[in-house]
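Input: a single structure, listed below in structure tokens.
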Amino acid sequence: MAALIENAISIMNPSGTTVALDATGATTLYTVPAGKVFIPIMVVMRISGDPVDCTCTIGSTGTTATSFLNTQTFHTNVDAADEVAIFQPIPAASTAASMSYAAADVFQITIGSGGAAGGVTGKTFVLGFLY
């Protein structure tokens, strides 16, 4: 399995990480192994209920919590159980900028304003690769 994670775009946290959407705070999604560099491609979250305009940022505690994506808001297009939010820099006319993360960096999601009702969570997966 380790060879696949290093030689292909992979789900870096195969079991997923549960993120509470009803309260503010940071949740670790992935910690970069020693001697490696991590390049994230996207974060995918399957929600358990309506996040009610909850906001989040995604990035590293070693840089800023917004180094991958600045503030993102869940809107009415992702507002019911079993729907999926996809977070990634979007290329357009200009090249999309992203980051790479060094060994021991902690890649996290931070809920900035938890608008969701009590108990709403998101099962969260990180896709990327190591080298």
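The values are calculated or read from the model by the stated rules, or taken from the named source; none is laboratory data. Only a predicted model underlies this, so the values are computations on that prediction, with no experimental measurement involved. Cβ: placed from backbone, ideal geometry, glycine included. Neighbour counts: every protein chain shown.
Does the stretch 118-128 hold any residues that are out of contact with any Pro (no Cβ under 9 Å at 6 or more places or on another chain) and at negative phi, and which are they? Within the stretch 118-128, Gly118, Thr121, Lys123, Thr124 meet the criteria. Of the strands (runs of 3 or more DSSP E) entirely within the stretch 17-131, those holding at least 1 residues that are hydrophobic (A, V, I, L, M, F, W, C) and over 25 Å from Glu6 (Cα atoms) occupy 17-20, 25-31, 38-47, 55-60, 84-87, 106-113. Ala93 satisfies every condition listed in (1) modelled with pLDDT of 90 or more; (2) more than 22 Å from Pro33 (Cα to Cα); (3) hydrophobic (A, V, I, L, M, F, W, C) except (1). Counting only residues that are basic (Lys, Arg) and either at pLDDT 95 or above or buried (at least 17 other Cβ atoms within 10 Å of the Cβ) (or both), the stretch 20-67 holds 1 of them. Within the stretch 82-93, residues that are closer than 16 Å to Thr18 by Cβ and surrounded by fewer than 10 Cβ atoms within 10 Å (Cβ to Cβ) sit with their Cβ atoms under 9 Å from residues that are aliphatic (A, V, I, L, M) and modelled with pLDDT of 80 or more, at 6+ positions apart or across chains, in these pairs: Asp82/Ile47.
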